[in-house]
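Trainee: Could you have a look at this structure, given as structure tokens, before my questions?
The values are calculated or read from the model by the stated rules, or taken from the named source; none is laboratory data. This is a predicted model, so every value here is computed, not measured. Here the Cβ is made from the backbone with ideal geometry for all residues, glycine too, and neighbour counts use every protein chain on show. Protein only, heavy atoms only, side chains kept; ligands, DNA and RNA dropped before computing areas. Shrake-Rupley method; radii C 1.70, N 1.55, O 1.52, S 1.80 Å.
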Amino acid sequence: MQEQSRCNPVAAPRTIGIDEISLRKGHTYRIVVSDLERGKPIWFGGEDRSEASLDMFYTSLGPKKSKKIGLAVMDMWKAFEKSTRKNVPKAAILYDKFHVMRHPGDALDKIRKMEYGRLSGKDRSYIKGQKYTLLSNRENLTLDGRKALKKLLGANKRLNTAYVLRESFGQRWSYKMEGWMVGVKP
């Protein structure tokens, strides 16, 4: 049974955001597409979070309006990327920060686990129970959390290096000019 889709009659969007929502437990998803410049959802539908379901959005929008899309922001779900590349091949794809930053966070946690296994005694005690402290954004930590983080990073060079790399990678979302990302200010 084909799911009915709803599309608000809109001017051709230039920048879209693509995401899925879960309707209920059991992996029942629908896709939401938003016009990011106008700040409102423009389509809700599909049967799941597949390429074919996102194709339904582009079909409902039509080829003329679809060609106006210059940027599609999405998570790293391959089906969304494949549908977008097929339907609007000239659009740039930008992965959202949350999903991209999960990878350096996972790498940092892997190093934390390796260091915990490698060390013993007092050196190991610095790491025990510090997963949340290490993986949280510094600004979200309490004063005690910041002190614990400073102590942890001071006690373990490998964790400190991994932490600094993750933080510097995350800074890229705050740059206002493209040249700053590569270390050259225009």
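Trainee: Evaluate 2.2 N^0.38 Å with N set to the residue count of region 45-139, then give the Cα radius of gyration divided by it.
Mentor: That works out to 1.67 for region 45-139.
Trainee: For PHE44, PHE169, PHE98, write out the residues from largest to smallest accessible area, computed with a 1.4 angstrom probe and no ligands counted.
Mentor: Per-residue accessible area, sorted high to low, gives PHE98, PHE169, PHE44.
Trainee: Go through [x] 1.56; [y] 1.34; [z] 0.98 and flag the label whose value is the computed Cα Rg over 2.2 N^0.38 Å for this structure.
Mentor: [y]
Trainee: Another question about this same structure. Once every DSSP H run of n ≥ 4 in the chain is given -39500 (n - 2.57) and the sum is divided by its residues, what mean residue ellipticity at 222 nm do you get, rounded to the nearest 500 deg cm²/dmol?
Mentor: Helices in the chain give a 222 nm mean residue ellipticity of -14000 deg cm²/dmol.
Trainee: Sticking with this one: Modelled label-to-label distance, HIS99 and LYS25, 7 Å Cα→beta-carbon offset: nm?
Mentor: 2.6
Trainee: Calculate the spin-label point distance for GLU139 paired with TRP173, positioning each point 7 Å from the Cα along the beta-carbon direction, and give it in nanometres.
Mentor: 1.1
Trainee: Longer than 22 Å from Cα to Cα, which of LYS97/LYS147; LYS40/LYS86; LYS65/LYS90 are they? Say none if no pair is.
Mentor: The pairs that break the limit, which is 22 Å between Cα atoms, are LYS97/LYS147; LYS40/LYS86.
Trainee: Counting DSSP beta bridges in the chain, what percent are antiparallel, to the nearest 5?
Mentor: Looking only at bridges with both residues in the chain, the antiparallel portion is about 65 percent.
Trainee: Something else now. Rounded to the nearest 10 degrees, what's the angle between the helix 51-61 long axis and the longest principal axis of the chain, both from Cα atoms, 0 to 90?
Mentor: 50
Trainee: Just to check I understand the Karplus step: with θ = phi - 60° and J = 6.51 cos²θ - 1.76 cosθ + 1.60, what whole-Hz values come out for region 132-148, glycine and proline as x?
Mentor: Residue by residue, region 132-148 yields 4, 4, 6, 8, 7, 5, 3, 5, 8, 7, 6, 4, 5, x, 5, 5, 5 Hz.
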